[in-house]
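The block underneath contains the structure these notes are about, expressed in structure tokens.
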Amino acid sequence: MPGGCLDPDLSRSSLDELTRPRLLPRERDAALYRRAQDAGLSELQARVLAGRLAGYAGPLEALIDPALRHLSHPERLADARRGAERIARAVSEGEHIGILTDYDVDGITSHVVILRALTELFGVPANRLHSLIGHRINDGYGISLPLVERTLALKPRPTLVVTADCGSSDEPRIARLRDAGIDVVVTDHHALPQAGPPASAYATINPTRDDCDYPDKTIAGCMVAWLMMSLTRAVLIEQGVLSGSTPKLAPWLSYVALGTVADCVSLGGSAANRAVVTYGLRLINRMQAPCWRVMAERLGSDSVPFDAETLAFQMGPRINARSRLDDPYAALHFMLATDDDLARRHLQVLDDDNQARKALEADMVEQARGLALTQLAEAPPALVIHLPQGHAGVQGIVASRLVQTYGRPTLVLTPATAPEMLTGSGRSIEALHLRDALQRVHELAPESLPRFGGHRGAAGVGVPLGELERFRDAFLQAVGEQLGGRELYPVVRTDGELDAAQLSLATLDELAALAPYGREFEAPLFEATFHVEQLRAVGAEGNHLMLELSRDASVTRAIWFRALAPGAAHPIAVGDRVRCGFKLSRNRWKGRESLQLMVEHAERLSA
């Protein structure tokens, strides 16, 4: 399968069929559909809920009216009281504290929440705090050995390290810190290894623990950190260290909203995630912090108010870009900036990195697609793409692109800093639990996968270069076992048809009432047949299509991003009759609003 030319037995038509996206309607939960309409929702709103929340039996109110009252008490998190008491002791006794977090948006926003709680609410002097954020390329994910060495070299050395968004799979490094006299309180949300919580940690606060009573297992790492610091505040008040009038942490749910959306945790049946994103967006749109004001300034006045899509596709990528290409501290400084000028300077760094990331991503995607087409000759259940010259910082993005294009779970591997090692990121499809598949690989060929972690939809791996073929075989076996004989192809799931009269801003308002949208509660996408009245290529690289589409004598403007592959002919032409999968969007221009369709897929129909 790896290497070589495309199998001549796989005809071009067969390959096109393998990679042709299918517009398929979402299956609807009939009981939920009726419940939603009985509760007063419109048919369209009921359709959207029933197509995303199969089997949901909880209160509808928590979904359609997200509010903080739906949050569960942090003490329902296993080990939370023990962890909070240890942090409180460090605060009251003047200990030095390390804050060790992941380098992505979830980790950075967690870092902000912990740092601001300690300094602004609990009165810890800044010189007693140590920010420990790994470098993606040089250090790797989690409590890496370089981060341990850096921690042990600090003078004075911290006696407590609090992690966020990492640590659950780092027992050997935690043991090293413990043996050096440093307690480690782990706060995380990633799936735990089979051995359970790290034995050497002072406390492990993670909703995925088997013995954890917290009802929502899908909260982001920043939310776990926020709950943990909220409980620490309560403990400090109980102990008389803080006054009962000490402000709560609610204002910092703005950061939690950003981290939650950017980390792609579930916004489906999760009352907690929907509540914090809704409340956090309300805070963000007050534009009281420089980071939000300066981002709005950069995106333009028509970008306000921000919504979950703004966080996911504008703020998140800029913050992530820094850690993908360099050290992540500029992202932290941007989030913590105390004035607009400082925030602008840090944002420019993030913006420059984001542009560099886009160029790097485009090159790697092109290489990866060539390798994927070779592998598709054998119709494998998954793709394992090794890019010997690739950059580790954009593996996950490239994997996501291939999943969208080919409808298969995908791992993208590039050289690690350690000699003869590969590091990789994977993205999955709806039907496959990626971390479970990797656990199975570890059982089949443990030497080929010494380190891995993640969750259902995304994961990271470390693979010895000499074990790559063995790893690939074991991964394909593990995926095949989970998927069975399922036919695989790219899928565009739709919420059915809209008639011409529903192509309006009023329909968009009707759908917006169910926001926020995100992973497992995707923004509504519809299908319909149109005639192409006008089209033209737009964008810096000319790879997007601006369209005018007509239906029943009405004409609607549309944009189809990344419609044109380099050197490829236009997939549709003026005068064509086309079947489209599309979203409704609000186009703002100089204070005026109009409806615009965001085309996800379009195919020419016979006349």
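Restricting the first member to region 590-607 and to residues that are farther than 14 Å from A573 by Cβ, and the second to residues that are assigned to a strand (DSSP E or B) and of a type in the set (V, I, T), the beta-carbon pairs closer than 7 Å and six or more apart or on different chains are L595/T556; Q596/I559; L597/T556; M598/I559; V599/I559; E600/V492; H601/V492.
Among the residues of region 31-84, just one is among the hydroxyl-bearing types (S, T, Y), within 25 Å of the chain's Cα centre (by Cα) and over 30 Å from V186 (Cα atoms), namely Y56.
The residue that is farthest from L422 (Cα to Cα), among those in region 462-489 that are touching a strand residue (DSSP E or B) at 6+ places or on another chain (Cβ under 7 Å) and modelled with pLDDT under 95, is Y489.
Summed over region 111-133, residues that are of a type outside the set (K, R), touching a Phe, Trp or Tyr at 6+ places or on another chain (Cβ under 8 Å) and part of a helix (DSSP H, G or I) total 3. The residues on offer are L488, L468, L476, and the sole one that is in a loop (DSSP other than H, G, I, E, B), over 18 Å from Y141 (Cα atoms) and either among the aliphatic types (A, V, I, L, M) or not assigned by TED's automatic domain parsing to the domain that holds T19 (or both) is L488.
Can you tell me which residue within region 379-395, out of those that are in a helix (DSSP H, G or I) and farther than 18 Å from F471 by Cβ, is modelled with the highest pLDDT?
Taking region 379-395 and keeping what is in a helix (DSSP H, G or I), we get 392-395.
Next, from what is left, pick out any that are farther than 18 Å from F471 by Cβ: 393-394.
On the way: G393: 83, V394: 89.
The residue in question is V394.
Residues of region 505-522 include none that is over 30 Å from L60 (Cα atoms) and modelled with pLDDT of 95 or more.
Conditions (1) assigned by TED's automatic domain parsing to the domain that holds R86; (2) under 22 Å from the mean Cα position of the chain (by Cα); (3) under 30 Å from S243 (Cα atoms), marked per residue:
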residue: Y103; (1), (2), (3): yes, yes, no
residue: V113; (1), (2), (3): yes, yes, yes
residue: A117; (1), (2), (3): yes, no, yes
residue: S131; (1), (2), (3): yes, no, yes
residue: A153; (1), (2), (3): yes, no, no
residue: D165; (1), (2), (3): yes, yes, yes
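Of A573, A540, all but one fail to be without any contact (Cβ under 8 Å) to a residue 24 or more places away in the chain and in a loop (DSSP other than H, G, I, E, B); the exception is A540.
I want to confirm something. Restricting to region 146-173 and keeping residues that are in a helix (DSSP H, G or I), among the aliphatic types (A, V, I, L, M) and out of contact with any Asp or Glu (no Cβ under 8 Å at 6 or more places or on another chain), which single residue is nearest to I97 (Cα to Cα)? If we take residues in region 146-173 being in a helix (DSSP H, G or I), among the aliphatic types (A, V, I, L, M) and out of contact with any Asp or Glu (no Cβ under 8 Å at 6 or more places or on another chain), then L152 is nearest to I97 (Cα to Cα). Checking A203 against (1) touching a strand residue (DSSP E or B) at 6+ places or on another chain (Cβ under 6 Å); (2) farther than 14 Å from E75 by Cα: exactly one of these is not met. Which one? Every listed condition holds for A203 apart from (2).
Part of a strand (DSSP E or B) and in contact with a helix residue (DSSP H, G or I) (Cβ under 9 Å, 6 or more places away or on another chain): does that describe A515? So A515 fails the test. Is it the case that region 186-198 has a residue that's assigned by TED's automatic domain parsing to the domain that holds L100, buried (at least 23 other Cβ atoms within 10 Å of the Cβ) and not in a loop (DSSP other than H, G, I, E, B)? Looking through region 186-198, at least one residue is assigned by TED's automatic domain parsing to the domain that holds L100, buried (at least 23 other Cβ atoms within 10 Å of the Cβ) and not in a loop (DSSP other than H, G, I, E, B). Among residues belonging to region 199-239 that are of a type in the set (D, E, K, R) and out of contact with any Phe, Trp or Tyr (no Cβ under 9 Å at 6 or more places or on another chain), point out the one that is nearest to R274 (Cα to Cα). If we take residues in region 199-239 being of a type in the set (D, E, K, R) and out of contact with any Phe, Trp or Tyr (no Cβ under 9 Å at 6 or more places or on another chain), then D216 is nearest to R274 (Cα to Cα).
Could you count how many residues in region 121-156 are surrounded by fewer than 18 Cβ atoms within 10 Å (Cβ to Cβ) and out of contact with any strand residue (DSSP E or B) (no Cβ under 7 Å at 6 or more places or on another chain)? Final tally of qualifying residues: 13. For H531, indicate whether it is at pLDDT below 95 and out of contact with any Asp or Glu (no Cβ under 6 Å at 6 or more places or on another chain). No, not satisfied. Identify, please: which residue in region 554-570 is assigned to a loop (DSSP other than H, G, I, E, B) and touching a residue at least 24 places away in the same chain (Cβ under 8 Å) and is, among those, surrounded by the fewest Cβ atoms within 10 Å (Cβ to Cβ)? That would be P566. With respect to the stated conditions, G480 fails to be on the phi > 0 side of the Ramachandran plot and of a type outside the set (V, I, T). Of everything in region 400-446 that is assigned to a loop (DSSP other than H, G, I, E, B) and among the β-branched types (V, I, T), the residue that is surrounded by the most Cβ atoms within 10 Å (Cβ to Cβ) is I429. When S301 is tested against the conditions (1) more than 14 Å from the chain's Cα centre (by Cα); (2) closer than 30 Å to R89 by Cα; (3) polar (S, T, N, Q), the lone failure is (2).
The values are calculated or read from the model by the stated rules, or taken from the named source; none is laboratory data. Note that the structure is a prediction, hence the values are computed from the model and not measured. FYI the Cβ positions are ideal-geometry reconstructions off the backbone, even for glycines, and counts take in every protein chain you see.
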